1. Accessible area per residue, 1.4 Å probe, Å², for the range 179-249: what's the number?
2. Please list, in chain and number order, the residues 5+ apart from S181 or on another chain whose amide H is under 5 Å from its amide H, with Hs placed from the backbone.
3. Taking the range 49-139, which trypsin sites (Lys or Arg not before Pro) meet the DSSP loop condition and have no more than 10 other C-beta atoms within 10 Å?
4. Give me, ordered by chain and number, the residues 5 or more places off R118 or on other chains with an amide H under 5 Å from its own placed amide H.
5. What size of dipole, in debye to the nearest 20, comes out for the range 6-164 about its Cα centre when the only charges are +1 on Lys and Arg C-beta atoms and -1 on Asp and Glu C-beta atoms?
6. What residue among G172, H211, V66 has its Cα farthest toward the positive end of the dipole of the chain, where the charges are +1 on Lys, Arg and -1 on Asp, Glu, each on the Cβ?
7. What is the percent carbon and sulfur in the accessible area of the range 179-249, measuring with a 1.4 Å probe over the protein chains and ignoring ligands?
8. Length gain on complete extension for the stretch L65 to S25, per 0.36 nm per residue less the alpha carbon to alpha carbon distance?
Amino acid sequence: MSQPLWTARVLTLFPEMFPGPLGHSLAGKALAAGLWSLEAVDIRYFAGDKHRSVDDAAFGGGPGLVMRPDVIDAALAAVTGAIGPDRARPADEPLIYLSPRGRPLTQDRVHALAAAPRVTLLCGRYEGVDQRVLDAWSVEEVSIGDYVLSGGEPAAIVLIDACVRLLPGVMGDAETLAEESFEGGLLEYPQYTRPQEWRGRKVPEVLASGHHENIRAWRRAQAEAATRERRPDLWARRQAPSAVKEGKSR
Ligand code: ADE
């Protein structure tokens, strides 16, 4: 193997959901080419009782079931090999629980995750996972957006897809990556292709002018206008990066 393999390890009650969409297109080709690998681990395998139960009612009441800490602990111990009381594991291998309670996933975090040798992703169903096992393993909670999914699996697929396209050899064109949305804190400029006129709508003239300096300036202005209008949060962070980064909102 000429380059290190990036591995996504997913703990789930639905291992058959993987690779799913990740077996197709760019990520699927890279998987087949050995540029990354996927391990889907069935949490139910680690259930200790004869009914193979992985969840139970929430203390304090309320609807839905909570995933048991002993089962998740056994699964994490088996896959990471960390069995001591402190649950020590390699510092460069992130351990993430996908949850709407998590910190929002950003392109910066995706870059860091893609640079790690392996990420372990815990997917919850039902009402979530017992907090004690998350605390005991210092699990990082990550959300893919302010909406609630029926489980962590689609979120894990999103996170893996975002990482895989950044791996060396997957996309090919480093310039494409440098110009896309969120790189440099801006949304991307709009794109056009042939035909040059379609249903009375023309491609902006500057793009067909061949004047590279003007094209760069136009694209920059478009990126800034879109960011200001659609994502005032990103725009504010660009204007005053230190104030926002210091976590004044948290
Ligand atoms: N599980 C359920 N909803 C989620 C979200 N928004 N992000 C990550 N994991 C989730």
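The values are calculated or read from the model by the stated rules, or taken from the named source; none is laboratory data. Fair warning: this is a prediction, and the values are worked out from it, not measured in the lab. For neighbour counting, all protein chains shown are included, and Cβ atoms are generated from backbone atoms with ideal geometry for every residue, glycine included. Just so you know, the surface numbers come from the protein's heavy atoms only, side chains and all, with ligands and any DNA or RNA stripped out. Shrake-Rupley method; radii C 1.70, N 1.55, O 1.52, S 1.80 Å.
1. For the range 179-249, the solvent-accessible area averages 79 Å² per residue.
2. E188
3. Details: sites: K50, R52, R87, R101, R109, R118, R125, R132; in loops: K50, R52, R87, R125.
Within the range 49-139, the qualifying trypsin sites (Lys or Arg not before Pro) (loop, at most 10 other Cβ atoms within 10 Å) are K50.
4. Answer set, sorted by chain and number: T7.
5. With only Lys, Arg, Asp and Glu charged at Cβ, the dipole is about 220 debye.
6. Most positive-ward Cα: H211.
7. Roughly 48 percent of what the probe reaches on the range 179-249 is carbon or sulfur.
8. Working it through step by step, the gained length comes to 10.8 nm.
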